[in-house]
Amino acid sequence: MTERTRIPLHRDPRVRAILVQVLAAVVVGYGFYSLFQTTVDNLVARGIQTGTNFFDEVAPFQIGFTPFFDYKLGESKYIDVFFVGIQNTILVAVLGIIAATLLGFFIGVIRLSPNWLVSRGALVYIEIFRNVPLLLQIMFWNFAIFLPTLPAPKNSIAMGAFYLNARGFHTPLPVIENTTDFAIWIALLTFLVIGLVMFARRAKALFEETGRRLPVPWISAAALIIGGYIFYLVSGSPLSFDEPVLGRFNFKGGGQLPLPLFSLWFALTLYTSAFIAENVRAGIQSVSHGQTEAALALGLSRKDTVNLVTIPQALRVIIPPTISQYLNLTKNSSLAVAVGYEELVAVWAGITLNQTGQALVIIGMTVAVYECLSLLTSFVLNWYNKRIQLTER
Amino acid sequence: MKLSAKIATSVAASAVAVAQVASAGTLDDVKARGELKCGVSGGVPGFSAPDDAGRMQGIDAAVCDAVAAAVLGDASKVVFIPLTAKERFTALASGEVDVLSRNTTHTLTREASLGLNFTYYNYIDGQGFMVMKDSGIKSTLELDGASICVQAGTTTELNMADYFRNNNMKFTPVGYETSTQTREGFEGGACDVLTSDKSQLAALSTEMKVGPAGVTILPETISKEPLGPVVRQGDDQWMDIVAMTLYALINAEELGITSGNIDSLKAKPGNPAVARLVGAEGNMGELLGLGADWSYNAIKQVGNYGEIYERTVAPIGIPRAGSVNDLWTRGGILYAPPIR
């Protein structure tokens, strides 16, 4: 090639592609900038104050449910309200994801049961909970079922030291009596766990060598419960229990699962599990029947066929759409405002916004939190998804 | 990218909304539209709640009716937009409503930082507490440790927090979005106490299964709640119109003008103050940018303040005689500047 064939810059497709992209970025960027500037100008012109100065002001209202945060009326600041909101959102999301996964898996599996009644039952379940708007379900459970049926605190349903009433579920809470004894107990438990891990490895080696299988999960569970209890006594019973006691209005002391949280958790679980069940069914059905036949022909038991052949292959199909369901569940938790559960949208984008009027800052921060939570969930699950993908050789 | 795009979209949306507002005067907008957009609560009997025919009734709704009568000559030309406590200020600031008449308390923070103006008060209220009668509670000072249903994001929530802190008492708030939900929660036993402005407590008790006889509204009043219509900041003419319409209704009662006798008074006013108010004399309407019969229309079609009160608030069980909401001439504090 000689210099004569050199293309002038403005006609070089690579240069032009870059130029066009830079230009597009500048135009879009300027568009956003001018929108932002217009907003700020208009806010100033209308006398609406905006900014983050209110973060350090004392929040003038009380929050009822702050399990992981020492919220004090008259001392805690607005920014503390933000953190309380995030914690309560994460709490209900995690509880919901765990419960919805277990329930969804169960419903999805029995949906494929050869028993007509069972599989139709699962179908009815899925169609009911999938097709009714979630907000309606949340309000239905809270206002139509739980509140009218559960008794007032004075007539609570007692189950040992556990109490259930219209305010929620009250449990005893363990309190560390003696820190040294407690440390001893934890140390003993750690040794026990290490021992069990070593035992599991030995059992796996034994299985690969001889094909003999030991009931590792059962042995581990039994060892943990029995050993844990013996060590607890040996270390001098380092815990005591703070039991809920009926006060003038409600139970005091102990732990509490408030009714709004319970209603929300319940509704989110039923709703999301219906979707997860369908993902599970799709996943299982995607595994060709030949795989099952081959496994059976090799002499695997029914249980092993499901656990070692069908499920691992089905998971590849189940996980990606289930990630979306987890994200939906997290975002749907913002409907809590209908039943008075104090998550991010209720206390931050609701109460705080209304008390301070700082819509722009508050909504921006709320959006950012949901975005971060969603990205984090996706990230973790995508990593897990990659790990379980079929390794092709 | 996703994040910045979302933020940008919301910023863009609010920018557009604010840009719209900044345009013409509200009076011209309303006249051009032929309708007044009025933000109300839509669920509080006596203040604003739909009747059997679906027409919004109540003392808050009546203010909008009167403004529509004064501006457009027809009290029925109002579109009522029900708003939650949370939505109300944004709805007003973004131009979704022309007047916010939604039992809204006048406070410094709201006046100074939200870009809005309070006009005058159509009802002066105070916060109280309501318990079930069978609880046997007689005073708010017995409420230490109680769960309290409250509408989230209101001044009610703040007054309650202050009151309990002042008296060294603890409480658990149960915050709902609408006042109907607070009532449902209270009835279902989600809380021991329901707190709100006393007028609302009376109104909500009429909707309960046990009825007003089954509950006790505790005697203490823990706050001042002057409620009144609110307009956007920066449109002084519109603010004057709303305020003067309300003043006209109060002055009409003071001067003995009712929807029933206004026609005969207009024909033969006698008193010059009456003549100005019924539009037989002077150019009051013109000064406001309205027709000469602005106040005549408002009083004729909606009634004077006393008539409105008897029609709306009195039936929910709040008598007026001698209360703060009576005229200043009868021991109350309602006092309107002269229309002259």
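The values are calculated or read from the model by the stated rules, or taken from the named source; none is laboratory data. Small disclaimer: the values here were computed from a predicted structure and weren't measured. A quick note on method: Cβ atoms are made from the backbone with ideal geometry, for glycine too, and the neighbour counts reach across all protein chains shown.
Just to check your reading of the model, which residue among B:195, B:172, B:216, B:221 is crowded, with 24+ Cβ neighbours inside 10 Å and of a type in the set (S, T, N, Q)?
Sole residue among the options that is crowded, with 24+ Cβ neighbours inside 10 Å and of a type in the set (S, T, N, Q): B:195.
Quick one: would you say residue A:173 is under 30 Å from residue B:193 (Cα atoms) and either away from chain B (no Cβ under 14 Å) or of a type in the set (Asp, Glu) (or both)? Break it down stepwise before answering.
Details: under 30 Å from residue B:193 (Cα atoms): yes; either away from chain B (no Cβ under 14 Å) or of a type in the set (Asp, Glu) (or both): yes.
In short, yes.
Out of (1) more than 30 Å from residue B:96 (Cβ to Cβ); (2) touching a residue at least 60 places away in the same chain (Cβ under 8 Å); (3) in the same structural domain as residue B:62 (by TED's automatic domain parsing), what's the single condition that is false for residue B:262?
For residue B:262, the exception is condition (2).
What is the one condition in (1) surrounded by fewer than 24 Cβ atoms within 10 Å (Cβ to Cβ); (2) more than 23 Å from residue A:345 (Cβ to Cβ) that residue B:158 does not satisfy?
(2)
So if I check each of A:96, A:104, A:108, A:64, which one is small (Gly, Ala, Ser), in contact with an Asp or Glu (Cβ under 8 Å, 6 or more places away or on another chain), touching a residue at least 12 places away in the same chain (Cβ under 8 Å) and more than 14 Å from every other protein chain (Cβ to nearest Cβ)?
From the options A:96, A:104, A:108, A:64, the qualifying one is A:108.
Could you say which residue among B:292, B:267, B:298, B:321 is on the phi < 0 side of the Ramachandran plot, of a type outside the set (Phe, Trp, Tyr) and either in contact with an Asp or Glu (Cβ under 6 Å, 6 or more places away or on another chain) or crowded, with 17+ Cβ neighbours inside 10 Å (or both)?
B:298 is the lone residue from the list that is on the phi < 0 side of the Ramachandran plot, of a type outside the set (Phe, Trp, Tyr) and either in contact with an Asp or Glu (Cβ under 6 Å, 6 or more places away or on another chain) or crowded, with 17+ Cβ neighbours inside 10 Å (or both).
Can you spot a residue in region A:348-360 that is within 14 Å of chain B (Cβ to nearest Cβ) and not in a helix (DSSP H, G or I)?
yes
For residues in region A:11-49 being aliphatic (A, V, I, L, M) and under 36 Å from the mean Cα position of the chain (by Cα), which is farthest from residue B:235 (Cα to Cα)?
Checked region A:11-49; the qualifying residue farthest from residue B:235 (Cα to Cα) is A:28.
When region A:239-285 is examined, which residues are found to be aliphatic (A, V, I, L, M) and assigned to a strand (DSSP E or B)? If you could, list the steps in order and put the result at the bottom.
First, the residues of region A:239-285 that are aliphatic (A, V, I, L, M): A:239, A:245-246, A:257, A:259, A:261, A:264, A:267-268, A:270, A:274, A:276-277, A:280, A:282, A:284.
A:239, A:245, A:246, A:257 - these are the residues of region A:239-285 that are aliphatic (A, V, I, L, M) and assigned to a strand (DSSP E or B).
If I filter region A:341-393 down to residues being touching a Lys or Arg at 6+ places or on another chain (Cβ under 8 Å) and closer than 30 Å to residue B:189 by Cβ, which single residue comes out as surrounded by the most Cβ atoms within 10 Å (Cβ to Cβ)?
Per the criteria, the residue is A:350.
Taking the condition of being out of contact with any Phe, Trp or Tyr (no Cβ under 9 Å at 6 or more places or on another chain) and within 9 Å of chain A (Cβ to nearest Cβ), how many residues in region B:136-152 meet it?
Number satisfying all stated conditions: 1.
Matching residues to (1) within 28 Å of the chain's Cα centre (by Cα); (2) at negative phi; (3) not charged (D, E, K, R):
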site	(1), (2), (3)
A:144	yes, yes, yes
A:153	no, yes, yes
A:172	yes, yes, yes
A:182	no, yes, yes
A:191	no, yes, yes
A:201	no, yes, no
A:206	no, yes, yes
A:214	no, yes, yes
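When you look at residue A:332, is it within 30 Å of residue B:181 (Cβ to Cβ) and either out of contact with any Gly (no Cβ under 8 Å at 6 or more places or on another chain) or at pLDDT 90 or above (or both), yes or no?
yes
For region A:204-211, does any single residue satisfy the condition of being closer than 26 Å to residue A:303 by Cα, part of a helix (DSSP H, G or I), of a type in the set (Lys, Arg) and modelled with pLDDT of 90 or more? Full working, then the answer.
We begin by selecting, within region A:204-211, every residue closer than 26 Å to residue A:303 by Cα; these are A:204-211.
Then drop every residue that is not part of a helix (DSSP H, G or I), which leaves A:204-210.
Next cut, of a type in the set (Lys, Arg) only: A:204.
From what's left, modelled with pLDDT of 90 or more: none.
No, the conditions are met nowhere in region A:204-211.
Specify the residue that is farthest from residue B:190 (Cα to Cα); the eligible residues are those in region A:286-340 that are in contact with a helix residue (DSSP H, G or I) (Cβ under 6 Å, 6 or more places away or on another chain) and not in a helix (DSSP H, G or I).
Here the answer is A:287.
Would you check if there is a residue in region B:73-86 being assigned to a loop (DSSP other than H, G, I, E, B), modelled with pLDDT under 90 and touching a Gly at 6+ places or on another chain (Cβ under 7 Å)?
Initial filter on region B:73-86 (assigned to a loop (DSSP other than H, G, I, E, B)): B:73-77, B:83-86.
Imposing the further condition that a residue be modelled with pLDDT under 90 reduces the set to B:84-86.
Remaining after also requiring touching a Gly at 6+ places or on another chain (Cβ under 7 Å): B:85-86.
Yes, that holds for at least one residue.
Could you please find all residues in region B:182-193 being within 7 Å of chain A (Cβ to nearest Cβ) and closer than 23 Å to residue B:86 by Cα?
B:184, B:185, B:190
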